[in-house]
Amino acid sequence: MSNVCEICGKKKAQGATIIRRGLAKKKGGIGMHVVKVTPRTFEPNIQDIRVVEDGRVVRRKVCVQCIRSGKVQKP
(Lines give C-alpha, C1' and ligand atoms only; values in the text may rest on other atoms or scores of the structure.)
Protein backbone atom coordinates (compact mmCIF):
# COMPACT_ATOMS: atom_id res chain seq x y z
CA MET A 1 0.00 0.00 0.00
CA SER A 2 1.13 3.51 -0.71
CA ASN A 3 2.12 5.88 2.07
CA VAL A 4 -0.12 8.77 0.95
CA CYS A 5 -2.69 10.73 2.95
CA GLU A 6 -6.18 10.14 1.55
CA ILE A 7 -7.38 13.59 2.67
CA CYS A 8 -4.68 16.08 1.61
CA GLY A 9 -2.52 13.88 -0.66
CA LYS A 10 0.67 14.32 1.35
CA LYS A 11 3.38 11.85 0.28
CA LYS A 12 7.13 11.26 0.34
CA ALA A 13 9.42 14.20 -0.38
CA GLN A 14 12.96 14.03 -1.75
CA GLY A 15 15.81 15.74 0.04
CA ALA A 16 19.45 15.39 0.93
CA THR A 17 21.74 15.04 3.91
CA ILE A 18 24.66 17.44 3.53
CA ILE A 19 27.95 16.64 5.27
CA ARG A 20 30.20 19.64 5.83
CA ARG A 21 33.77 19.86 7.07
CA GLY A 22 35.93 22.68 8.34
CA LEU A 23 35.79 25.46 10.89
CA ALA A 24 33.09 28.10 10.50
CA LYS A 25 34.16 31.62 9.56
CA LYS A 26 32.69 33.14 12.71
CA LYS A 27 34.82 30.74 14.75
CA GLY A 28 38.01 31.85 12.98
CA GLY A 29 38.20 29.30 10.18
CA ILE A 30 38.03 29.59 6.40
CA GLY A 31 34.44 28.34 6.21
CA MET A 32 32.48 25.12 6.00
CA HIS A 33 32.94 23.07 2.82
CA VAL A 34 30.50 20.49 1.49
CA VAL A 35 32.16 17.06 1.45
CA LYS A 36 29.29 14.74 0.57
CA VAL A 37 25.60 14.96 -0.35
CA THR A 38 23.55 11.83 0.35
CA PRO A 39 20.00 11.56 -0.99
CA ARG A 40 17.23 10.81 1.49
CA THR A 41 13.43 10.80 1.69
CA PHE A 42 11.15 12.59 4.12
CA GLU A 43 8.28 10.27 5.11
CA PRO A 44 4.90 11.72 6.15
CA ASN A 45 3.42 10.64 9.47
CA ILE A 46 0.56 8.49 8.11
CA GLN A 47 -1.81 6.72 10.50
CA ASP A 48 -4.37 4.03 9.63
CA ILE A 49 -7.47 5.19 11.52
CA ARG A 50 -11.22 4.70 11.57
CA VAL A 51 -13.12 7.72 10.22
CA VAL A 52 -16.82 8.63 10.03
CA GLU A 53 -17.82 9.29 6.40
CA ASP A 54 -21.47 9.80 5.39
CA GLY A 55 -22.65 8.16 8.62
CA ARG A 56 -20.48 5.06 8.10
CA VAL A 57 -17.24 4.08 9.83
CA VAL A 58 -14.43 3.33 7.35
CA ARG A 59 -10.67 2.89 7.56
CA ARG A 60 -8.52 5.59 5.98
CA LYS A 61 -4.81 6.39 5.82
CA VAL A 62 -4.57 9.94 7.11
CA CYS A 63 -1.61 12.17 8.03
CA VAL A 64 -1.38 13.45 11.59
CA GLN A 65 -1.74 17.08 10.49
CA CYS A 66 -5.21 16.30 9.05
CA ILE A 67 -6.21 14.48 12.24
CA ARG A 68 -5.09 17.36 14.47
CA SER A 69 -6.69 20.08 12.33
CA GLY A 70 -10.07 18.32 12.45
CA LYS A 71 -10.38 17.52 8.74
CA VAL A 72 -11.54 14.01 9.70
CA GLN A 73 -14.04 12.95 12.34
CA LYS A 74 -13.23 9.94 14.51
CA PRO A 75 -16.07 7.72 15.79
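Scanning region 66-75 for residues that are open to solvent by 70 Å² or more (accessible area, probe 1.4 Å) and in contact (Cβ under 8 Å) with a residue 40 or more places away in the chain turns up just one, K71. In the set P44, P39, only one residue is in contact with a Lys or Arg (Cβ under 6 Å, 6 or more places away or on another chain), at pLDDT 95 or above and not basic (K, R); that residue is P44. Across region 6-22, the number of residues qualifying as loosely packed, with under 11 Cβ neighbours inside 10 Å, among the basic types (K, R) and not in a strand (DSSP E or B) comes to 0.
Within region 54-74, if we keep just the residues that are polar (S, T, N, Q) and at pLDDT 95 or above, the residue that is farthest from the chain's Cα centre (by Cα) turns out to be S69. Pairs linking a residue in region 24-53 that is of a type outside the set (K, R) to a residue that is open to solvent by 90 Å² or more (accessible area, probe 1.4 Å) and assigned to a strand (DSSP E or B), with Cβ atoms under 6 Å and 6 or more positions apart or on different chains, are M32/R20; H33/R21; V34/R20; V35/R21. Among residues that are of a type outside the set (V, I, T), over 15 Å from C5 (Cβ atoms), out of contact with any helix residue (DSSP H, G or I) (no Cβ under 9 Å at 6 or more places or on another chain) and assigned to a loop (DSSP other than H, G, I, E, B), P75 is included.
Looking only at residues that are among the aliphatic types (A, V, I, L, M) and not in a strand (DSSP E or B) in region 30-65, which one is least open to solvent (accessible area, probe 1.4 Å)? Selected residue: V64.
The values are calculated or read from the model by the stated rules, or taken from the named source; none is laboratory data. Quantities reported herein were computed from a predicted structural model and do not represent experimental measurements. Ideal geometry is used to build each Cβ from the backbone, glycine not excepted, and the neighbour counts take in all protein chains shown. Ligands, DNA and RNA are stripped out before the accessible areas are found, and what is left, the full protein with its side chains, is counted by its heavy atoms. Shrake-Rupley method; radii C 1.70, N 1.55, O 1.52, S 1.80 Å.
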